[in-house]
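First up is the structure itself, then whatever we jot down about it.
The values are calculated or read from the model by the stated rules, or taken from the named source; none is laboratory data. Computed from a predicted structure; not experimentally measured. Neighbour counts run over all protein chains shown; Cβ positions are idealised from the backbone, glycine included.
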């Protein structure tokens with residue numbers, strides 16, 4: 001069988017056309033996904049992701065997951081608590097988006113989901129083909145690297161379609177800037 005120089009090894013011309021369309025539309029930029037919370041290690045991971053995005057022409061995406069509350073006894077109270085949690089999540093996402101704008105020079109892609117953190121993260125990665133790297137900060141405390149890092153580097157690792165970068169949470173800004 002003779003192949004032209006433009007054929008992919010499996011002859012998938014449609015895949016080649018999709019790749020060409022993505023490059024011409026700017027969709028081939030790396031997207032560095034950071035799971036947002038209020039921890040110090042998340043800020044280190046965010047700074048690293050912003051540095052990598054800035055140096056590679058990529059973008060940063062932020063995911064905040066509202067986990068269900070256990071207060072289901074009175075529907076009105078549960079709804080009020082959910083609204084307050086969503087409002088706080090939106091404020092946190094906006095603060096982190098401002099940091100991304102400052103550090104990476106671009107506005108991030110924002111995702112706000114409800115449900116289990118692990119499941120929401122895995123679902124988002126599968127739904128969004130533009131996400132190319134997951135960046136997590138590892139806690140340096142005695143409790144280990146954190147539940148998300150532990151789960152994703154353990155039993156969930158084989159289910160991911162993208163690489164994970166785990167950034168030690170005790171790095172200084174200068175350290176992060178020098179390696180990003």
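Structural remarks
- Those residues of the range 125-140 which are crowded, with 18+ Cβ neighbours inside 10 Å and either more than 13 Å from the chain's Cα centre (by Cα) or within 19 Å of residue 50 (Cβ to Cβ) (or both), in sequence order: 131, 132, 133, 134, 135, 136, 137, 138, 139
A quick yes/no check of all residues on (1) modelled with pLDDT under 95; (2) within 30 Å of residue 115 (Cα to Cα):
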position: 11; (1), (2): yes, no
position: 18; (1), (2): yes, no
position: 22; (1), (2): yes, no
position: 27; (1), (2): yes, yes
position: 31; (1), (2): no, yes
position: 39; (1), (2): yes, yes
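- Those residues of the range 125-160 which are in contact with a helix residue (DSSP H, G or I) (Cβ under 7 Å, 6 or more places away or on another chain), assigned to a loop (DSSP other than H, G, I, E, B) and under 12 Å from residue 33 (Cβ atoms), in sequence order: 160
- Considering the conditions (1) in a helix (DSSP H, G or I); (2) over 17 Å from residue 39 (Cβ atoms); (3) modelled with pLDDT of 95 or more, residue 113 is excluded by exactly one of them, (1).
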